[in-house]
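The values are calculated or read from the model by the stated rules, or taken from the named source; none is laboratory data. From a predicted model like this one, the values you see are computed outputs, not experimental measurements. Note that we place each Cβ from the backbone using ideal geometry, even for glycine, and neighbour counts take in every protein chain shown.
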Amino acid sequence: MLSHYIKVTFRELLKYRTQSIISIIGLAIGFTAFILGGYWLWWETHFDNFHPEADRLYCLTTEGLVKRANGTQADLDQLHINDREELFKLLPEIEASCSFNHLSFTLQQGNEVINLHGMESGQSFFNLFQADFIEGTHKGIVPDGSSVILTKRTAHKLFGTTNCIGKEVVLDNNLRPSVAGVIRDYPDNTDLLFDFLLIRIPQPNHVKRMTTYVEKDKQREQRKRKESITQFVGN
């Protein structure tokens, strides 16, 4: 019976070739659009959610300092150090915070030019964000700029292996940190794509601003929800 259906279908396809081709192309386009749409939805809904307690992490931004090409105001993911101190006083639900600066260096390795984009931050980075170590550790590192954490991709690019603990990375003439650890690469759907993490207390830029993330107090949020439920039930 199945072979009969296949034969009939094949004969119909040959008999109405133009219609069959149009139908097959339409189905192919439809399936492709469905798959791409599903992938886009997954990509957007999983953006930066691989971090522990990702639902409690927030980037502090400032509005009105920069403008888009069409003239509308845009958010700047940097916060003035004075605003940061005032904000923490006004919002006791902030449990932890992390500030960092973006860094860029161009290295010459033989005939190859390597562009590295990274960040400088203290130990607070590891309290808020995911860091799956393949080699080494961040524990016990003094945040003075003498140590660097590399991503797996960067370690292979510079040394050809992740087994590079203790090796020196010449970022510039005055900055030559040694590798303290290698972490797994972040997924591409993240705001924190970097090649290296320099363990150094970040300093504000020339306008006294830094990129700042905060983590809300989980216990405080739970208490608020419980109080709201209790009040609702009481009414």
Only one of (1) under 29 Å from residue 96 (Cα atoms); (2) out of contact with any His (no Cβ under 7 Å at 6 or more places or on another chain) does not apply to residue 166, and that is (1)
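Please specify each residue of region 166-177 satisfying the condition of being within 24 Å of the chain's Cα centre (by Cα) and either among the aliphatic types (A, V, I, L, M) or outside any loop (DSSP other than H, G, I, E, B) (or both).
Start the filter on region 166-177 by keeping residues that are within 24 Å of the chain's Cα centre (by Cα), which leaves 169, 171, 177.
Those that are within 24 Å of the chain's Cα centre (by Cα) and either among the aliphatic types (A, V, I, L, M) or outside any loop (DSSP other than H, G, I, E, B) (or both): 169, 171.
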Within region 128-165, of all residues that are farther than 15 Å from residue 199 by Cα and of a type in the set (Val, Ile, Thr), the one nearest to the chain's Cα centre (by Cα) is 154
Within region 1-51, the residues that are touching a helix residue (DSSP H, G or I) at 6+ places or on another chain (Cβ under 7 Å) and at pLDDT below 85 are 13, 20
Looking across region 143-165 at residues that are in a loop (DSSP other than H, G, I, E, B) and free of Cβ contacts under 8 Å to residues at least 40 places away in the same chain, the single one that is surrounded by the fewest Cβ atoms within 10 Å (Cβ to Cβ) is 160
Of the residues in region 116-141, those that are assigned to a loop (DSSP other than H, G, I, E, B) and either touching a residue at least 24 places away in the same chain (Cβ under 8 Å) or in contact with a helix residue (DSSP H, G or I) (Cβ under 8 Å, 6 or more places away or on another chain) (or both) come to 122, 123, 124, 129, 130, 131, 132, 137, 138, 141
